[in-house]
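Structure first, then comments.
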Amino acid sequence: MPKGGALAAADIVRAAAMVAAVAALPLVIPVNIATEVLIYGIFAMATNLLVGTAGLYSFGQAAFFGAGGYVAGYFLAQGFVSLPLALLLAGAGGGVLAALIGALSIRRTGIYFMMLTFAFNQLVFYVIYSWQSVTGGEDGLAGIRRGTIELPFLGTLKFDDNRAFYALAAVLFLVSMAILIRMTRSPFGLVLDAARQNARRTTSLGYSVHALQLAAFVIAGVISGIAGALFGMLYRIMPIDAVHWTGSAYVVFMVLIGGQRSMLGPVLGAAIFIWLQGLFSLVWTRWPLLLGLFVIVVMIYLPGGLLDLFARVSAWRSRLREQRR
Amino acid sequence: MLWLISAQLVNGIAIGMIYALMAFGLSIIKGLLNIPNFAHGALYALGAYLCYSAVSAGLPFPAGLFVAFAGAALAGLVLDRLVVRFVRAGGYLPQLITLFGAALVIEQLLLIGWGTIGLSYSPPELLRGSIDLGFTLVPRYIAFASLCSALVISGVWLLIERTRFGAWVRAGIERPEMTQSLGINVDLLLIAGMMLGAGLAGLAGGLALPLMGATSTMGGDMMAIAFVVLVIGGLGSLYGAIAAGLMVGVVQSLMTVAAPAASTAIIYLVMIVILLVRPQGLFGER
Amino acid sequence: MTSQDHIVLAADGLSKRFGGNTVVDRLSISFVNGRLHSILGPNGAGKTTLFNLLTKDISPDGGTIRLDGSDVTRLSPDRIARRGVARSYQISSVYLDMSVRDNIWVAAYRAHGGNPLVFWRKAGGYSEARALADACLERLDLTCFADTATKELSYGDQRLLEIAVTLAAAPRIILLDEPTAGLSRKETERVKQVIATLKGAFSIIMIEHNMGVVMDISDEITVMNRGTVLAHGGPDDIRGNKSVQEAYFGS
């Protein structure tokens with residue numbers, strides 16, 4: 001099929017462009033900031049599986065990011081060094097928590113689902129806050145080491161160098177992105193999208209909508225947990241703020257400013273958010289004011305996110321070209 | 001022990017009344033404009049700062065409370081004209097994020113206006129000390145704050161239940177699609193609702209000033225709890241928030257005796273259980 | 001081989017209340033295999049509620065529903081659907097943010113027993129589901145719109161797509177809720193012909209207000225009023241029934 005072939009070719013070009021962009025990013029901005037962009041990129045893509053694809057308006061995603069960060073962080077702070085095991089634990093931590101919270105929340109819709117996930121987020125926050133002996137409470141979980149990967153024949157991979165850690169984050173980012181994009185085009189993704197548009201219709205076609213939504217919630221929890229683990233390792237501390245509901249607000253905001261209709265949107269959103277935060281904080285100590293204004297302006301004038309802006313600009317340019325003819 | 005519990009009970013009622021004021025404001029805004037006002041905490045902080053400035057300028061404390069109410073109501077007007085009216089048609093999540101952005105702006109403006117150091121204020125002479133009830137001591141200010149909240153809440157209740165304006169408000173909440181045909185200027189009604197709700201948040205902030213002082217971030221946790229109260233009371237019930245506010249304040253205060261570390265977590269647990277068992281809230285109808 | 005009067009779907013003593021209103025009141029009705037059974041009645045008679053009860057979109061307050069003789073009153077709506085019951089909705093419920101082909105694909109994939117928990121394969125890669133989807137498009141003359149965004153279709157074409165999606169679920173029993181509502185005369189004629197070609201191959205239950213359509217193609221008609229059965233019979237019986245004329249035709 002020529003059409004399928006052409007599509008695949010376009011996908012390869014896009015994938016190559018993405019790899020090139022990820023490789024070039026640390027040359028443009030400081031390497032730790034670049035790492036943070038990728039980590040929040042992973043987190044925002046996972047959130048977009050819920051918000052954009054499944055239409056599940058979760059306002060408690062920071063709980064899963066935090067769960068992964070604290071589980072992996074505790075493991076690594078205790079003197080264990082296996083990075084794959086730490087990431088596995090983080091994913092499991094985020095996933096199990098998401099399964100619990102999701103199983104209780106998924107049947108509620110609209111503002112009730114939002115408020116339930118928000119309340120669970122706060123509950124997790126206060127549990128971590130109070131459980132000082134394990135989590136470090138208010139001061140955060142310090143002493144997190146980055147862990148190593150043992151490879152046969154090649155020896156031990158270490159990530160103490162920030163560029164090496166960036167490479168690790170880059171691999172995990174690209175893998176997550178590939179998985180999530182592929183997932184949105186799979187039967188699972190298409191049916192989730194259908195359920196977002198009309199849950200009742202989708203049920204009447206024989207799909208168990210709640211089970212599918214729960215699966216999406218757990219998948220997002222696993223990926224968010226892994227992102228949280230990376231975050232803890234990056235700064236060698238898991239701050240309590242990372243579990244606060246404001247973290248859930250920020251990640252949803254990244255998704256909304258980038259655009260929900262493709263996985264590129266949340267990545268763009270995360271990049272702009274982290275970059276703007278850095279830029280504004282250099283300019284002015286009252287930088288959250290600028291951030292707040294930016295949020296308001298984008299939400300009012302670009303409800304479809306930056307992807308929508310690109311679409312509008314290219315439509316405008318093609319119209320211009322036609323007029324010239 | 002009994003003494004401690006009754007003292008906490010009194011304290012809980014006072015805090016609960018402030019929660020009730022906050023959540024009642026949220027409830028009015030949710031009912032009329034159908035938006036979750038995530039800038040409510042920032043308006044609460046604004047109220048505390050305005051009250052501080054008013055009393056520092058020599059005004060009596062009750063006048064300071066009025067300034068807090070009026071100033072926050074004005075801020076509500078500005079918020080509606082500059083932000084809220086543009087996102088009214090959107091979904092809850094975009095609305096929430098937009099208002100969250102507005103809260104960031106307000107909080108930073110507070111820091112610019114009043115500086116980064118938290119402010120504290122002791123109540124006027126008349127409201128210091130305690131009233132001895134025999135079995136327990138009630139701090140005078142706590143009695144005043146509770147009474148004041150109760151009066152304002154009753155006043156707003158009368159306004160909504162007994163006046164023509166109130167009839168419009170009720171119509172706007174119960175049959176938003178009908179209000180247009182009643183010949184009411186819907187936009188003005190929504191603005192009034194936004195101002196009233198915001199004003200109540202400001203008043204709550206003013207009342208909280210002698211208890212907790214004023215900091216730019218004081219609104220975040222207060223707002224989170226106000227949403228809990230709103231949900232427990234029932235999103236569809238205008239007055240449920242008042243009873244739920246009292247309940248949450250008392251439960252939280254009593255829990256600080258039993259399990260101090262868990263007192264806030266318990267509140268969220270209660271909210272979760274209520275949402276799961278009775279999603280329409282304690283006082284909401286299906 | 002099932003006999004001619006094999007009852008595929010039946011309700012017995014079915015009731016549903018909303019608040020103080022009894023919308024469906026101890027209603028008993030049965031549907032015979034391979035027949036087109038129309039349901040008539042004034043607005044508020046409880047017709048759509050009956051559909052919602054039969055497909056378990058809502059749960060009854062009392063009574064039983066039997067599918068092929070077995071009690072399905074407690075089954076979830078997706079399980080009912082997987083037992084071969086498909087429906088169309090009165091208000092179009094096509095997926096507006098999808099292409100026409102994807103709309104049908106979602107139905108066809110499940111009809112072929114497709115598992116929605118497949119995360120890696122591409123949705124387009126299932127040839128059987130695609131073939132079924134294409135056949136359903138063809139059947140309603142929608143092939144030319146296959147790659148069109150559904151929100152760009154005219155209202156009439158969206159209604160046709162709604163029926164195509166219902167067919168793509170490859171059911172044995174089809175419930176059609178006002179299939180010709182809001183259609184032009186020409187579109188109505190086309191839908192009527194499509195339904196006529198489905199007769200016999202499927203058991204069809206249809207709510208419809210267009211008398212021409214109902215009288216022309218129905219095998220059986222049940223008239224409902226205030227949540228109960230007012231009359232039941234063939235088109236000619238119903239036309240001559242006095243109480244029906246009073247309640248429904250208002251004469």
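The values are calculated or read from the model by the stated rules, or taken from the named source; none is laboratory data. This is a predicted model, so every value here is computed, not measured. We place every Cβ from the backbone using ideal geometry, glycine too, and count neighbours over all the protein chains shown. What goes into the accessible areas is simple: the full protein's heavy atoms, side chains included, and nothing from ligands, DNA or RNA. Shrake-Rupley method; radii C 1.70, N 1.55, O 1.52, S 1.80 Å.
Structural remarks
- DSSP-loop chymotrypsin sites (Phe, Trp or Tyr not before Pro) across the range A:102-207, with at most 12 other Cβ within 10 angstrom: A:F153
- With 5 Å bins from 0: P(r) over the range B:1-126, alpha-carbon pairs, percent: 2, 10, 16, 19, 18, 14, 10, 7, 3, 1, 0
- Its relative contact order, with pairs defined as Cα atoms under 8 Å and 6+ residues apart, puts the range B:2-277 at 41 percent.
- The range C:181-228 and the range A:38-117 have their alpha-carbon centroids 50 Å apart.
- Approximate shape of the range C:51-161 as ellipsoid semi-axes (Cα gyration tensor, √5λ), whole Å, largest first: 28, 18, 12
- Stokes-Einstein D (µm²/s) once Rh is taken as the Kirkwood radius of chain C over alpha-carbon pairs, at 37 °C in 0.692 mPa s: 174 µm²/s
- If you wrap the range C:166-251 in the convex hull of its Cα atoms and look at it from every side, the mean projected area works out to 6.3 nm².
- Taken per residue, the accessible surface of chain A reaches 42 Å², heavy atoms only and a 1.4 Å probe.
- Maximal additional length on extending the A:W316-A:D11 stretch stands at 107.3 nm, based on 0.36 nm per residue less the C-alpha distance.
- For the chain pair A and B, the interface hides roughly 3600 square angstrom of accessible area in total, found with a 1.4 Å probe.
- Taking only protein heavy atoms and a 1.4 Å probe, the accessible area of the range B:2-277 is 69% carbon and sulfur.
- Distance violations [Cα-Cα > 25 Å] among C:K47/C:K199; C:K56/C:K122; B:K30/C:K16: C:K56/C:K122; B:K30/C:K16
- For the range C:97-201, the Cα-based Rg and Dmax, in that order, read 13.9, 45 Å.
- Extended-chain gain in nm, criterion 0.36 nm per residue less alpha-carbon gap, C:M215 and C:R79: 45.7 nm
- Tensor-based shape of the range A:234-325 (alpha-carbon gyration tensor, a/c under 1.5 rounded, otherwise prolate or oblate): prolate
- The range B:1-131, relative contact order in percent, only Cα pairs under 8 angstrom and at least six apart counted: 26 percent
- Legend: P(r) of the range A:50-131 from all alpha carbon pair distances, 5 Å bins from 0, whole percents, reading 3, 15, 22, 22, 16, 11, 6, 3, 1.
- Between C:D141 and A:V28, the modelled labels are 5.2 nm apart [label points 7 Å from Cα along Cα→Cβ].
- Surface/4 estimate of mean projected area, convex hull on alpha-carbon atoms of the protein assembly as shown, nm²: 45.1 nm²
- Contact order normalised by residue count of the range C:1-157, Cα under 8 Å, 6+ apart, percent: 19 percent
- Whole-number Å³ per residue for the convex hull built on Cα positions in the range C:86-141: 103 Å³
- Expressed per residue, the C-alpha convex hull volume of the range B:2-277 stands at 136 Å³.
- The range C:167-251, accessible area per residue, ligands and nucleic acids excluded (1.4 Å, Å²): 44 Å²
- Mean silhouette area of the range B:232-271, derived from the convex hull of its C-alpha atoms and averaged over all directions, reads 2.5 nm².
- Here the ratio of the Cα radius of gyration of the range A:26-324 to 2.2 N^0.38 Å is 1.02.
- Association of chains A and C removes close to 2800 square angstrom of accessible area from solvent, both sides included, for a probe radius of 1.4 Å.
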